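Please read the structure below before turning to the comments.
Each reported figure results from applying straightforward, stated rules to the coordinates on display, with no laboratory input. Please read all numbers here as calculations on a predicted model, not as lab measurements. Neighbour counts are summed over all protein chains in view; Cβ atoms, including those assigned to glycine, are modelled from backbone coordinates with ideal geometry.
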Amino acid sequence: MKDIMLKKFFNGILALFATSSAVSAQVEPLNVLFIGNSYTHMNNMPSMFDKIAKDAGMNVNVEKCAQSGASFKVHSERPEVYESISKRKWDYIILQGYSRELTFEPSHIDTATVPYLNKIMDSIQKNNKCTNVLFYMTWGYEDGYHEREETDTYAKMTQRIEEGYRYLSDLYNAPVVPVGMVWKEVKESNTMDLYVKDRAHPSKYGSFLIASTFFQSIFGMQQGEDIGIVRERRAMKISAAVQDVLSKKRESYKLDRFQIDLEAKTDEVDPEKAVVQYNINYLGAKSIQLKYGDGGILEDASGAFTVKYRENPKVQIDIVTECDSKRTYYRNLDLILNERNNRRKKRKKD
């Protein structure tokens, strides 16, 4: 069985004075396909993801191929799934099965799910070996599924779903986007209703949570707070929950393999400058180039550079993958200047 490796996953975190924020964009559009069931198409969740990404300055093309109630077996028998896969060279394909099929033991998953998932995976590889496959971990019904003792509560069903998707993650060596774990954190806070009346499917808040989790998992940054999809205060709570879960579980869900970290702070010697420490972990990269300031260029995977506040605050990162695909990412260092100005204003007031 062919491994499905994450070839071009980017997780960029810009830490500025203990505050994570960034502005980013790709020169080429990032093609993202969601394959799933009603948990995918409810409230047109892929469109929410598209809106969040574009609001953050991302150039994305987002499409979906979804059928209510579909398991991986059903997906594997749908001609439109293979038509969607072959439509273009996808950067990301998100796969979501029927929640209950992932609540069984691995021995059952091996016979009831894996043979059909293999067909989908092989089709993805044949179409584009550099497509990143992400598994979409779902959540438990609010009251669990009472037909089986091991899933008869929300907590037990959620745990079994997580275990099932992590099993697939290990089997295919592909990352999992832990929507179910973010759902659990927000649900426990009791601040908003993530379910519709059937207590299984997502409400508008639930779908926004899903889209937010995919956005932060793929782009490694928090989305804007006032996007207009849900109330700003609730959007902030969802975004914070996503960040909290990912900060704790990124490695266990294989979301840490391709990571770019930048941490900037004011130079202690010259307050007119900022020192930026960076580290780029990008498996399979053929070349890495970091451009900063007014012409500075670095090609090492880690190091530091200094920028003046009056220089161009934008950092450009060019990566050529082993599939000869080039991606250009930008990170804006304006927040350093803002923080410096805030401190100056505070000193004047004092």
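Determine the distance separating the Cα centre of segment 268-323 from the Cα centre of segment 171-205; give it in Å without decimals.
Each part's Cα centre sits 36 Å from the other's.
Write out the cysteines belonging to the chain for which the nearest other cysteine Cβ is not under 4.7 Å, or none if no such cysteine exists.
Unpaired cysteines in the chain: Cys65.
About the Cα centre of the chain, how large is the charge dipole given +1 on each Lys and Arg Cβ and -1 on each Asp and Glu Cβ? Please answer in debye to the nearest 20. Let's see the in-between values first.
On the way: 51 positive and 48 negative charges, 209 e Å.
Here the size comes out at about 1000 debye.
Placing +1 on the Cβ of each Lys and Arg and -1 on the Cβ of each Asp and Glu in the chain, which of His201, Asn61, His146 has its Cα farthest towards the positive end of the resulting dipole?
Most positive-ward Cα: Asn61.
Which entries in the list Lys54/Lys291; Lys126/Lys291; Lys248/Lys286; Lys129/Lys204; Lys54/Lys184 go over 32 Å, if you measure between the two C-alpha atoms of each?
Numbers: Lys54/Lys291 24 Å; Lys126/Lys291 35 Å; Lys248/Lys286 29 Å; Lys129/Lys204 35 Å; Lys54/Lys184 27 Å.
Where the Cα-Cα span goes over 32 Å, the pairs concerned are Lys126/Lys291; Lys129/Lys204.
Just rank Ser212, Ser302, Ser107, Ser239, fewest to most, by other beta-carbon atoms within 10 angstrom. Write out the running numbers ahead of the final one.
On the way: Ser212 26, Ser302 12, Ser107 8, Ser239 22.
Going from least to most buried by this count: Ser107, Ser302, Ser239, Ser212.
Among Thr321, Leu262, Thr40, which residue has its Cα furthest toward the positive end of the charge dipole of the chain, with +1 on Lys/Arg Cβ and -1 on Asp/Glu Cβ?
In the chain, that residue is Leu262.
Let me have the relative contact order for the chain, percent, based on Cα pairs under 8 Å that are six or more residues apart.
Values: 691 pairs, mean separation 70.1, N = 350.
Result for the chain is 20 percent.
Relative contact order for segment 61-169: what is it in percent, counting Cα pairs under 8 Å that are at least 6 residues apart? The partial results should precede the final answer.
Numbers: 135 pairs, mean separation 31.1, N = 109.
Worked out over segment 61-169, it gives 29 percent.
So which of Lys73/Lys254; Lys89/Lys197; Lys64/Lys249 end up more than 29 Å apart by C-alpha?
Numbers: Lys73/Lys254 25 Å; Lys89/Lys197 38 Å; Lys64/Lys249 27 Å.
The pairs that break the limit, which is 29 Å between Cα atoms, are Lys89/Lys197.
Using Cα springs under 10 Å in a Gaussian network model of the chain, which residue among Glu232, Glu101, Glu147 shows the largest mean-square fluctuation?
Between Glu232, Glu101, Glu147, it is Glu147 that shows the largest mean-square fluctuation.
For Asn190 paired with Asp55, estimate the spin-label separation in nm (one decimal), with each label point 7 Å from Cα along the Cα-to-Cβ line.
Placing both labels 7 Å along Cα→Cβ, they lie 2.8 nm apart.
What is the spin-label model distance, in nm, from Thr328 to Asp256 if the labels are put 7 Å beyond Cα along the C-beta direction?
3.2 nm
Once the dipole of the chain is set up with Lys and Arg at +1 and Asp and Glu at -1 on Cβ about the Cα centre, which of Tyr98, Ser189, Ala174 lies farthest towards its positive end?
Checked the options; the winner is Ser189.
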